[in-house]
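One structure is given below, encoded as structure tokens.
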Amino acid sequence: MKRGITKRDEDFSRWYTDVIAGARLADYSPVKGCMVIRPSGYALWEKMQFNLDRMFKETGHENAYFPLLIPESFLEKEAEHVEGFAPECAVVTHGGGKELEEPLIIRPTSETIIWSMYKKWIMSYRDLPLLINQWCNVLRWEMRTRLFLRTTEFLWQEGHTAHATEAEAEEETLRMLDIYRTFAQDYAAIPVIAGKKSEREKFAGAVHTYTIEALMQDGKALQAGTSHNLGQNFAKAFDVTFQDQRGEQQFVYATSWGMSTRMIGALIMTHGDDQGLVLPPRLAPLAVVFIPIFKGKEGHGEIIDYIEQIAASLDKDYNYRVDAREEYTPGWKFNEWERAGVPIRIEVGPRDLQRDEVVVVRRDTGEKFSLPKNGLKEKVSGLLEEIQNSLYERALRFREEHTVRVDDYQTFKEIVAERGGFLFAYWCGDPECEDQVKQETMASIRCIPLRAEGEDGACVRCGKSSRDRVYFAKAY
């Protein structure tokens, strides 16, 4: 017998793992810290991948693939990079029964191996910009893991681009940040705040790191995607230069950017409810499930034919399934597909055939109503768009209700401890002050808004003058 789903207000962490199990998204691997992504979870990742890949290609990026194994010496060439990733690296020391002359790092990220190749490919300004993306797995030795959110091995995409000027690299960094913001909001129905990371929080080896930050239902923030301006750090480490239009040798400018299967965790924690997963239609592997309701042994063929006629007319952008399994009751199927988060359930029984209609159930609200068969295609398409927009608006309301302007430290600490959410507060810019806030409250600076308000204020912790409010929150 399946265990029920824990209520969110009882134990949010347990609820999260219950939803993953109930929707058959993933399971724990025999290898500690790793996960097995089940077909339902992988289908969801494929929907994300399809839409992101299209957006990347529309902006001129191409896909390539680079090796999983990276020579240890490559990581050591960029000091900040190796310092940032060394604790997370897994190292291969033996191969073919022999000790390797040089240990190999299983990639935690691919900047070093990619820039070793860019040195061979970039000679002239005519070779720039170089816009490459990679879909792959990476490995980071995590001590505390949670399915999708933080696992030792995970899937992602990582873009790596090379440019002739600093301005072009910054433009690329912000362009990709905007693609992530668009994807999160228009496809995942997750409202995000776009901004810049503090020096303490930026990517190891970056000049600037930009991020999109989302707020989960337990009041914690989730970093959903990052875009890094790497300046000339990796070009200098790997001696990647090009001849400019004046015939002079220059170091190139670099960016990297990534989004991972962590977004599946973001979907679960943004939209899920006490019944299970809730999926936005634009990312749902199945948008509509049909449940035939049989009375005895008669009329099976008629009901299935009726459903197939309707299903064949639906918008081809949305996948459907007819669940005609006779070994399960309709009630069991209702519960299964509800847990799986399918946006629309359509029920058809003998009475519906007589009335030439169907019964429609919305997953997001649980609303149940009858619709005539004629014109159902348009009504279902419209309803799916309504669900997509409704999920976004609901998540946006939640974020706005849990975003607070705070000007004194005592109130700051009370809000962090009692309800969480985003705290929009002044910060003096001192990294030590940032560290103290994190030590005392466990809240970190999630991002510095791209467009500062520019009003004079006082740092929420130390009281020093400040002109920048930043977003603090506890985070995953």
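The values are calculated or read from the model by the stated rules, or taken from the named source; none is laboratory data. Since the model is a prediction, treat every value here as computed from it, not as a measurement. Here the Cβ is made from the backbone with ideal geometry for all residues, glycine too, and neighbour counts use every protein chain on show. Areas reflect the complete protein model, heavy atoms only, side chains present, ligands, DNA and RNA absent. Shrake-Rupley method; radii C 1.70, N 1.55, O 1.52, S 1.80 Å.
Scanning the range 83-101 for residues that are under 26 Å from the mean Cα position of the chain (by Cα) and small (G, A, S) yields G84, A86, A90. Among the residues of the range 434-445, none qualifies, meaning not one is open to solvent by less than 60 Å² (accessible area, probe 1.4 Å) and in contact with a Cys (Cβ under 6 Å, 6 or more places away or on another chain). Cβ separations smaller than 6 Å between residues 6+ apart or across chains give the following pairs from the range 214-238 residues that are touching a residue at least 60 places away in the same chain (Cβ under 8 Å) to residues that are surrounded by fewer than 24 Cβ atoms within 10 Å (Cβ to Cβ) and of a type in the set (S, T, Y): K220/Y476; L222/Y476; F238/S116. Of the residues A26, A43, A86, the single one that is open to solvent by less than 70 Å² (accessible area, probe 1.4 Å), within 19 Å of V278 (Cα to Cα) and out of contact with any helix residue (DSSP H, G or I) (no Cβ under 7 Å at 6 or more places or on another chain) is A43. Inspection of the range 210-231 identifies at least one residue that is β-branched (V, I, T), under 25 Å from M55 (Cα atoms) and either touching a His at 6+ places or on another chain (Cβ under 6 Å) or open to solvent by less than 10 Å² (accessible area, probe 1.4 Å) (or both). In the condition set (1) more than 17 Å from S260 (Cα to Cα); (2) more than 15 Å from the chain's Cα centre (by Cα); (3) touching a residue at least 24 places away in the same chain (Cβ under 8 Å), E153 is compliant with all but (1). Would it be correct to say that S13 is open to solvent by less than 70 Å² (accessible area, probe 1.4 Å) and more than 23 Å from Q217 (Cβ to Cβ)? In short, no.
Condition test on S256, is it under 17 Å from the mean Cα position of the chain (by Cα), surrounded by 24 or more Cβ atoms within 10 Å (Cβ to Cβ) and polar (S, T, N, Q)? Walk me through how you get there before you give the answer.
On the way: under 17 Å from the mean Cα position of the chain (by Cα): yes; surrounded by 24 or more Cβ atoms within 10 Å (Cβ to Cβ): yes; polar (S, T, N, Q): yes.
So S256 fits the description; yes.
If only residues of the range 407-426 that are under 12 Å from R461 (Cβ atoms) and either in contact (Cβ under 8 Å) with a residue 60 or more places away in the chain or small (G, A, S) (or both) are counted, the one that is surrounded by the fewest Cβ atoms within 10 Å (Cβ to Cβ) is F412. Within the range 327-343, can one find any residue that is without any contact (Cβ under 8 Å) to a residue 40 or more places away in the chain, open to solvent by less than 10 Å² (accessible area, probe 1.4 Å) and among the hydrophobic types (A, V, I, L, M, F, W, C)? No, the conditions are met nowhere in the range 327-343.
Enumerate the strands (runs of 3 or more DSSP E) found wholly within the range 388-476, keeping only those where 1 or more residues are in contact with a Gly (Cβ under 9 Å, 6 or more places away or on another chain) and more than 30 Å from D364 (Cβ to Cβ).
Strands (runs of 3 or more DSSP E) meeting the threshold: 422-426, 444-449, 469-473.
Scanning the range 126-183 for residues that are more than 30 Å from E248 (Cβ to Cβ), in a strand (DSSP E or B) and open to solvent by 20 Å² or more (accessible area, probe 1.4 Å) yields a count of 9. When the residues of the range 446-459 are narrowed to those that are touching a residue at least 24 places away in the same chain (Cβ under 8 Å) and open to solvent by 10 Å² or more (accessible area, probe 1.4 Å), which ends up nearest to G265 (Cα to Cα)? Result: R446. For the range 199-220, the set of residues classified as farther than 14 Å from V470 by Cβ and aromatic (F, W, Y) consists of F203 only. When each of V240, V252, V278 is tested for being in contact with a helix residue (DSSP H, G or I) (Cβ under 8 Å, 6 or more places away or on another chain) and under 26 Å from R397 (Cα atoms), the lone residue that passes is V278.
Just to check your reading of the model, which residue among E88, E76 is closer than 30 Å to T173 by Cβ and in contact with a Lys or Arg (Cβ under 8 Å, 6 or more places away or on another chain)?
Working: E76 fails: in contact with a Lys or Arg (Cβ under 8 Å, 6 or more places away or on another chain).
After ruling out the rest, the residue left standing is E88.
Which of (1) of a type in the set (D, E); (2) farther than 22 Å from L283 by Cβ; (3) not in a loop (DSSP other than H, G, I, E, B) is the odd one out, the single condition E336 does not satisfy? Looking at each condition in turn, E336 falls short on (2). A count restricted to the range 388-406 and to residues that are closer than 17 Å to D468 by Cβ and either open to solvent by 50 Å² or more (accessible area, probe 1.4 Å) or under 22 Å from the mean Cα position of the chain (by Cα) (or both) stands at 2.
State all residues of the range 344-387 that are within 28 Å of the chain's Cα centre (by Cα) and either assigned to a loop (DSSP other than H, G, I, E, B) or surrounded by fewer than 16 Cβ atoms within 10 Å (Cβ to Cβ) (or both); if no residue qualifies, say none.
If we filter the range 344-387 for residues that are within 28 Å of the chain's Cα centre (by Cα), which is where we start, we get 344-345, 361-366, 380-387.
The answer is R363, D364, T365, G366, G382, E385, E386.
Residues in the range 19-74 that are without any contact (Cβ under 8 Å) to a residue 24 or more places away in the chain, in a helix (DSSP H, G or I) and either under 24 Å from F334 (Cα atoms) or among the β-branched types (V, I, T) (or both): A21, P39, Y42.
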